[in-house]
Every structure is written in structure tokens, then in C-alpha cells.
1. What is the Å³ per residue value for the convex hull set by the Cα atoms of the stretch 369-487?
2. For a quick check of your reading of the filter: which GluC sites (Glu not before Pro) in the stretch 305-404 sit in a DSSP loop and have no more than 14 other Cβ atoms within 10 Å?
3. Just for the chain, what percent of DSSP beta bridges are antiparallel, to the closest 5?
4. Ordered by residue, what ³J(HN,Hα) values in Hz, to whole numbers, does the stretch 305-312 give under the Karplus form 6.51 cos²θ - 1.76 cosθ + 1.60, where θ = phi - 60° and Gly and Pro are x?
5. Which number do you get for Rg(Cα) / (2.2 N^0.38 Å) in the chain?
6. Classify the stretch 1-101: rounded, prolate or oblate, from the alpha-carbon gyration tensor (a ≥ b ≥ c, eigenvalue square roots; a/c under 1.5 rounded; otherwise prolate if a/b is larger than b/c)?
7. Enter the Cα centre distance for the pair the stretch 1-63 and the stretch 395-438, rounded to the nearest angstrom.
8. Amide H of Trp267 versus every other amide H placed in the peptide plane: which residues, excluding those fewer than 5 positions away on the same chain, fall under 5 Å?
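None of the figures in this text is laboratory data; all of them are computed from the coordinates on show. None of the values given here were measured: they were computed from a predicted structure. Counting neighbours? That spans all protein chains shown, and the Cβs are built from the backbone with ideal geometry, glycine included.
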Amino acid sequence: MQKNRHEINLDPEDWEGARRNAHELLDVLFDRLKDVGDRPAWQPLPEEIRDSFREPVPRQGQTLDAVCDRLRDAVIPYPTGNISPRFYGWVMGNGTIDGMIADMVAAGMNSHLAGYDQSASEIEDQTIAWCCEIMGYPTTAGGLFVSGGTMANVIGLIVARNAADPERVRHQGLSGLPAFRIYGSSVTHSWAEKGCDIIGMGRDSMVRVAADDQHRVDLSALAEAVADDRKAGKMPLAVVANVGTVDSGAIDDLHALADFCEREKLWLHVDGAFGALLAFSTKLKHLTDGMARADSIAFDLHKWGFLQYEIGAVLVRDRALQEQAFATQAAYLTPPGRGIQPQDLHFAAMGPQLSRGFRALKAWVAFQHHGIDKIGAIVAQNVEQAQHLAQRVRQHEQLELFEPAPLNIVCFRYVADGVDDETLDGWNREILLRIQESGLAVPSSTRRDGCFVIRVAITNHRSTVSDMDLLLDAVVEHGDDVRATAS
Ligand SMILES: *Cc1c(COP(=O)(O)O)cnc(C)c1O
């Protein structure tokens, strides 16, 4: 195409050179993934690399060669580490080669996913429909891919909030209404308070009730809290059910919660950030029985769906309620009925974003390439690996398991006779940090029953049982060493 001399754009001057750069980086990434298990699970960012990023605003450009060299030498070698088979910190996924290819294709197409007549719209609709089917939802359900579990959960609450009094909440917000209340157990993830704040209800509207010894919400405590709030003139709105708590992987009694919510006319929202993915496994799907009775379900595909960040999903049993919460009208968005925008921008009408990327593609590609059964089989494999680790911890006299550990999360600590908890906290913190810094593995930590514990969460398609053994042996070895220097 002819260009006027004074007109500029951001395409390469040298297309062949740019293509070569892209191919080379793709090769670097493939090589690093192929033998990711041979490298440390994490390593600290070297100071000279950290310093190299602190630069003035780059007013003038440089060659793509030079920038790509920096990607290869200073950026790619120092990742979070969650691509490693021995990364079990927090709840992180590895990503896959097909996810990488899909993200590359999505970036190349740079589709705008508000709606529009394009292949990408069909793919997001279809992939959401598959997710609804897998989770046991009817065809009247709908949903949206969003950045992650937090956004997915927040959208669930927004739909619940607006469904309570649609016209009023949409137009006047919460002023003049009784204070809404959301309920969950004491072990609900911390997104809940943040979410209540984001949607204008305030953090105190999240009511945490007791959990039982299996970390499931205590139903009588819940019933009591709801009754007390009604008496006090508050407005109970929704219950957040946990399908996979962060600290132990516990799953609430979903049928009992669904019965309770039906009776009390409350919205039932499932936070299944990782646990909802059990529905992918033919072997473990039964653990999610009752989940499909919820009004909304949030889950992450970038955790136990093993995909690249960022992709979470929110599904709403009655998609009309989701549209009711988010649809807007504007002349510049009105569909003319034909052409590129034959209909309403239906993805924009299902959530807060207007401009949206093609994050659905990686799910579509991975589902097709592997099949849901294989993804589910790896979910079940992770549970077996965690149960192997838990069993070895139970049997080791120098280690203490924190029950319950029914799923893919195991919390434990190194112990010694006659040593108090405070000292053990210090020892276990030191053991954890030594293991992280050695690069052997990356577990994280939490507090259970007031104690500092090493926490292993396996949402990792690359991990193996022998990785569990390596970690356990390292904890004992470092533990013995820390104990020897302490005495
Ligand atoms: C990770 C997680 C979240 C938050 O999801 P993000 O994708 O990190 O925003 C919420 N609930 C649970 C149980 C989680 O594990």
C-alpha cells in the first residue's frame, strides 16, 4: 500500500526481521517449557537485572532486535515460577502450550469482544455454553469470561444485588434501602469483603459464620445469623458457598445450602475458583453435587483449568438477570440490524467491560485439543498426589498434618517433642524460605489453628508423585538442620 512520506505507523520497517524476532522468542519459550522441570522452581531476580529496568522514559525508540534481546535475557528467565512442576504456592496454574498458541493467535487477531459478527463471538458463546453444560446448568444459563475469580465472584454478587430490586438498585443505588447482607463461612476467601466494598455495600455487609471441623459452613450458625439480621431490619441477600476453600479445599454442603436459600429466598453464589473444576473429572464430579442448584458460579480457568492468565468465568443460572444488571443503552452502540453489528453487544451487556479481549480462545483451543476428560483426569491426578503427600505427612513422626485435607491442598509443619508453637512457627517459616530460596519447590504458607504451616496447593498439570516425595524429604532435611542449629 502506498504511504505518504510524512505519515508514520507502528508496523515494522523490516517485516522479515520482525518475523525472525518473533520466531526466535517462540523457540526460546518452547525450549524453556520443554525442560522447565530441570530448572529451579523460582529464583530471585538478580540485582543487576532489577537495576537495568530503572530507566528514564524512552523518548526515542531502538531496534526491535535490541528490545527482543532484553526479553530473552532479562525478562523471560525470571518468571513467577508457577510454570514449574514443583510450584505449589497460593493457587496458581501452569499454563499450556495450546494456551500460549491461543494467546498468540488472539493477539494477532486483536479481536474486540463486546459482541459483533465475527468468529470470536461464536467461540466465546460456545465455550460458555460448554462450561454451563459441564457445570450442570440449563440452557437458559449464561455467563462471561472475565479476568479471574475475584471479578467472576464480584459479578455474581452484582447480579444478586440488582436482582433484589432491579429498577431501584440500578437507578438509585443502595441509598434508602435496608443494609444488604452476604453470608459465608469463616474460611471464605478474602475477595468477599473486597467485593462487598467494590459493589457499594461495604465490607461489614459480609457476615462470616462459623465453619465445622470439616471447614464447611455451619448451617445452624448461618440460619441464626440470617434470622438475627432480619430481626434487626437488615436485608439478607446472598450466601456464598465454597467449593474448594483456599486453606483446606473444603466443600460446603451444597444441597443443604440450596434448600436453605430456597426457603429463605436468598441468592446462592458458588465460589468455585478452583474447586468447581472438579466437575471436569468423571471420577470426582460427584463432589460438586448440588452446585448446579446455585444461582451463580464463579471459577478460574487459570488455576485448575491449567490455562494462561487471565481467565475466570462467571455463570448465571438465569442469564436474563445478568443482562438486566449490566445492559445499557447508548445511541452509538445501538445495532443497525445488519452489517458488523447486527445485534446488541451482548458480551458488553453481561458485565462491566465494553472493550474486551479474546480470552475465550485459549479455553476453546485447550478444550478441543485435550478434551474435557483429560483435563478432568489431571484434576483427579492432582488430588491423588496431594493425598499421597498427606498420607506421608501423617506417617512421619517429625511432621504434623492439619486436617481436613480432602482435596488438593495440604497444610503441615515440622514438629519436635517439647517445642512450643511459637518456636515451631519460626522454624517452619525458616524451612519454607530455605526451600523457596533453594529453588527446589515453591509451597506457600498460611495459619491453621493459630500455627504457621507450610501449604501445598496442587493445581499443576506437570507435577508428579515423586515431586511430592522430593518436597517432603526437603522439609524434613531442612527441619532437622534448623532444629540442630537451634539447640
Ligand atoms: C484464587 C481464588 C479466588 C480469587 O481468584 P483470582 O483469580 O485470584 O482473582 C477466590 N476464591 C478462591 C477460593 C480462590 O482460590
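1. 100
2. Counting only loop positions with at most 14 other Cβ atoms within 10 Å, the GluC sites (Glu not before Pro) in the stretch 305-404 are Glu397.
3. Among the beta bridges of the chain, antiparallel pairing accounts for roughly 60 percent.
4. Karplus values, whole Hz, x for Gly and Pro: x, 6, 8, 5, 5, 10, 8, x.
5. Here the answer is 1.07, to two decimals.
6. Here the stretch 1-101 falls in the prolate category.
7. Taking the Cα centre of the stretch 395-438 as reference, the centre of the stretch 1-63 is 41 Å away.
8. Here the answer is Ala238, Val239, since their amide H atoms fall under 5 Å of that of Trp267.
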